[in-house]
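Okay, structure first, notes after.
Quick note: the coordinates plus some simple rules give every number you see, no bench work behind them. As the structure is a prediction and not an experimental result, all values here were calculated from the model. Neighbour counts run over all protein chains shown; Cβ positions are idealised from the backbone, glycine included.
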């Protein structure tokens, strides 16, 4: 998948128990790594809503959509390869990281 600078990428996570039942972790974390310059960003949230952190300068937050379902909308800000990884504290299953490529614009994707 690829995006252009300024596009939103919605990173989505479904947390489940080993039995496949949707479950909210006690703490949800999302890490994003911008590979070219090595920037690492972290968001966290508790399902009780007591603690919510976002990297300085970012307005995006982790959103709980329903039991076990969370998302975070990230605004692609520079041409990069970015990887997002969710983790949950508690007895939940976590899926592998997701990598996305961000390019300058659609024009940059055209070949002569």
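Can you pull the Rg over Rh of the chain, Cα-only, Kirkwood?
1.03
For the chain, what does the relative contact order come out to in percent, with C-alpha contacts under 8 Å and a separation of six or more?
Relative contact order here is 37 percent.
What distance in nm separates the two pseudo spin-label positions at residue 104 and residue 73, each 7 Å out from Cα along the beta-carbon direction?
2.8 nm
Obtain the nm distance between the two label points defined at residue 64 and residue 42 by a simple spin-label model: each point lies 7 Å from its Cα along the Cα-to-C-beta direction.
So the label points at residue 64 and residue 42 sit 2.1 nm apart.
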